[in-house]
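What follows is a set of notes on a single structure, which appears directly below.
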Amino acid sequence: MKRIFMNQKLNDWVKEMAELCKPDDVYFCNGGKVEYDFMINKLLVAGMAIRLNPKKRPNSYLFRSHPSDVARLEKATIISSENKDDAGPTNIWIAPDELKRKMRALYDGCMKGRTMFVIPFSMGPVGSPLSELGVEITDSPYVVANMHIMTRVISDIPADKDFIPCMHSVGVGGGNAMWPCAPIEDKYISHFPEEKLIWSYGSGYGGNALLGKKCLALRIASYMAFQQGWMAEHMLILRLTNPQGRRYHIAGAFPSACGKTNLAMMNPSLPGWKVECIGDDIAWIRRGPDGKLYAINPENGFFGVAPGTSYATNPNAMETIKENTIFTNCALTGDGDVWWEGIDGEIPLSLTDWQGNPWKPGNNGEAAHANARFTAPAAQCPVICKDWENPTGVPIDAFLFGGRRESAVPLVFQARDWNHGVFLGSILASEKTAADLDKKIGELRYDPMAMLPFCGYNMGDYFGHWLKIGDILKGDAPPIFYVNWFRKDAAGKFMWPGYGHNSRALKWICDRIDGHVSAEETAIGLLPKIEDLDLSGVNVSGETMRELLRPHRALRRHEIPLIAQHYKKFGSRLPERLARQFIEFVAALG
Ligand code: TSX
Ligand code: MN
């Protein structure tokens, strides 16, 4: 049970947490394959995992969560800064002392009869100056296995390095023997940004439990970035190469259900163009020695939504998850493979749903849970960029913001300058889809920079930080673009074919980066001229294209009161420059 790390803070913290949680045993992880196999075997023997048919899906496993523990819990996600105002109007706040008192009582003895696992890990390539170290303590072998894929698990923290403590227990009192968790009222996903500390209790699922991802790499890192002058963003990173071999690196923020993973690894329909994936979810971005922005993907794998993923929507994801993949809450086929709604081919004759019950088409509910996931190594992606682990990152040529908007918002346009781009990011919004629980379809939901659930501090200050980055970068600031793949016509049909055809919008962005094409200055920003979009071989009429590239001043006016309401929340923390951008927006709409 005893193990001495080189890092004294780690030794002290492990001792403290073991005394609090009272596990039967403490296991110190090293990230090796033997360890992975050991965890999986433990889970198989306990009946908590199902080995998939090795002929269909080698070295892959299916897990079924408890039906009460299927997604990130925004209502239980706490930003516990010393002052409530520093968490801001978009976060839930509890005072640190009060929250720790509550959670200590929950942690007390919660690991009796369990093993406590200590997982040191690096977010970002091991040894990169852009990386950060963390250590997760957990009582879930499922979390250990997932962390092996999603992070770089290491065996120690150097004595002279700091790390972010990530405390996790699935908790007691809820769930069942196959998937223990806590009852809903006892779940907390807590962040202490000023202490760089994470305490999570009661959930074993996704971002609630794999603490390197949303908790560390976004919520804690966004606050560190604010203090230290860099950026931790909810962004994909891709490399686009044109037929001449010129490379462009694009970082893009999209709210959920916009197909960010699909875009990050898409196959362009434009002949001779190539997309390579650097990351599909998180970008850590810093200024390099040449004054330009450089981005790394701090993650080591993809934790992707399975339903809707197919050879038609994302062939490279399908190739990525062919083997060595953990599936959670997918359906199981009679021949031992996974299945979900939206996957290619016929519905298999024999299916078991995500809760383990027989399932037939026409049954109430889905076979796979709508938030069913795959956990797969990024290195297995056929279009992973050879520089995806480059410790210095890739130079960012453009930022992209995109939401799901059925009307009014053009296919692609450019911000007039950085400040205007920050304004566009601050009013990033998606329309609610049928997947949203409250089902008020069409209602706008603001998700600034797609960071609403992930900003670890006051979002007004976060906007100010974006503006400050632009001030520092000056002429080196990348141009900012806004895209929308989701326009519908009066008949409710999607007007743009999307997917690989989005490369046509990206090509225009590249032409703008290089100054090869001009743009139309409009009330909302810089719009492409139709003749500057490469539409060879795409089946969209001129009339539809004109509609997709209109500024739609009249329709955008509906947003004015909504933006006013959205901005009002930030009170005096809303940067003056954004208030001015809004006034200019209103004036331009006329
Ligand atoms: O991911 C998507 N992208 C980005 C791809 C690189 N999706 C799926 C979103 C849910 C996660 C899209 N859906 C995209 C898109 O660009 N566009 C659409 C809408 C759409 C759906 C089906 C068609 C066209 C557009 N089908 C046909 O045109 C035949
Ligand atoms: Mn995400």
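Taking the Cα centre of the chain as origin and assigning +1 to Lys and Arg Cβ atoms and -1 to Asp and Glu Cβ atoms, the resulting dipole is close to 340 debye.
Where a ≥ b ≥ c are the square roots of the eigenvalues of the C-alpha gyration tensor, would you call region 397-589 rounded, which needs a/c under 1.5, or, failing that, prolate if a/b is larger than b/c, or oblate? Oblate. The Kirkwood hydrodynamic radius of the chain, based on inverse pair distances between different Cα atoms, is 24.7 Å.
Accessible area per residue for region 397-589 is 41 Å², calculated with a 1.4 Å probe on protein heavy atoms, without ligands, DNA or RNA. Only Lys, Arg, Asp and Glu carry charge here, each on its Cβ (+1 for the first two, -1 for the last two); on that basis region 301-378 has a dipole of about 180 debye about its Cα centre.
For the chain, give me the percentage of DSSP beta bridges that are antiparallel, rounded to the nearest 5 percent. Within the chain, antiparallel bridges account for around 70 percent of the total. The GluC sites (Glu not before Pro) of region 300-402 that meet both conditions, a loop assignment by DSSP and at most 14 other Cβ atoms within 10 Å of the site Cβ, are GLU346.
Angle, helix 96-107 long axis vs. longest principal axis of the chain, Cα atoms, 0 to 90°, nearest 10? Once rounded, the angle reads 50 degrees. Extension gain, ASN83 to ALA490: 0.36 nm times the residue separation minus the Cα-Cα distance gives 141.7 nm.
Once all protein chains are placed together, GLU276 keeps about 30 Å² accessible to a 1.4 angstrom probe. When the Cα gyration tensor is reduced to axis lengths a ≥ b ≥ c, the ratio a/c is 1.5 or higher for region 476-569, and with a/b not above b/c it is classed as oblate. Quick check on my link table: of LYS213/LYS432; LYS9/LYS102; LYS33/LYS75; LYS322/LYS386; LYS187/LYS213, which ones sit more than 30 Å apart, alpha carbon to alpha carbon? Over 30 Å Cα-Cα: LYS33/LYS75. Put simply, the amide H of TYR294, placed in the peptide plane, has neighbours under 5 Å in ARG286, ARG287, GLY288, ILE396, leaving out anything fewer than 5 places away on its chain.
Working ranking of peptides 525-535, 247-257 by packing, defined as the average number of other Cβ atoms within 10 Å per residue, highest first, is 247-257, 525-535.
Peptide packing for 41-47, 61-67, 284-290 was compared via the average number of neighbouring C-beta atoms within 10 Å per residue; ordered from the highest value, the list is 61-67, 284-290, 41-47. Listed by chain and number, the aspartates and glutamates whose alpha-carbon sits under 18 Å from that of LYS568, ignoring those within fewer than 8 places in the same chain, are ASP85, ASP86, ASP447, ASP461, GLU559, GLU576, GLU584. Packing order of peptides 480-488, 368-376, highest average first: 368-376, 480-488 (average count of other Cβ atoms within 10 Å over each peptide's residues). Does region 329-432 come out rounded, prolate or oblate by the C-alpha gyration tensor, with a ≥ b ≥ c the root eigenvalues, rounded set by a/c under 1.5 and, if not, prolate when a/b is larger than b/c and oblate if not? Oblate, since a/c reaches 1.5 and b/c is not below a/b.
The DSSP beta bridges internal to region 166-236 are antiparallel in roughly 65% of cases.
If you take all other residues with their beta carbon under 10 Å from the beta carbon of CYS181, and give Lys and Arg +1 and Asp and Glu -1, the sum is -1. Counting only heavy atoms of the protein chains, get the accessible area per residue of region 275-340 (1.4 Å probe) and round it to a whole Å² value. Heavy-atom SASA per residue in region 275-340 reads 25 Å².
Between the listed residues ASN314, PRO361, ASN371, the Cα displaced farthest toward the positive end of the dipole of region 301-378, a dipole computed from Cβ unit charges relative to the Cα centre, is found at ASN371. Dipole size of region 251-355 about its Cα centre, with +1 on Lys/Arg Cβ and -1 on Asp/Glu Cβ: approximately 700 debye, rounded to the nearest 20. Between the residues GLY393, GLY500, CYS181, the greatest Cα displacement towards the positive end of the dipole of the chain, with unit charges on the Cβ of Lys, Arg, Asp and Glu, is found for GLY500. For region 1-146, the per residue solvent-accessible surface stands at 46 Å², with DNA, RNA and ligands left out and a 1.4 Å probe. Taking 21 Å as the straight-line reach from the Cα of LYS474, the lysines in range (excluding those fewer than 8 positions away in the same chain) are LYS292. Normalising the average separation of contacting C-alpha pairs (under 8 angstrom, six or more residues apart) by the number of residues puts the relative contact order of region 31-135 at 11 percent. Within the accessible area of region 406-547, the carbon and sulfur atoms contribute 49%, probe 1.4 Å, all protein chains present. The relative contact order of the chain comes to 14 percent, based on Cα pairs under 8 Å that sit 6 or more residues apart.
The values are calculated or read from the model by the stated rules, or taken from the named source; none is laboratory data. Nothing here was measured: the structure is a model prediction, and the numbers come from that model. All Cβ positions, glycine included, derive from the backbone under ideal geometry; neighbour counts span all protein chains shown. Side chains included, ligands, DNA and RNA excluded: accessible areas come from the protein's heavy atoms. Shrake-Rupley method; radii C 1.70, N 1.55, O 1.52, S 1.80 Å.
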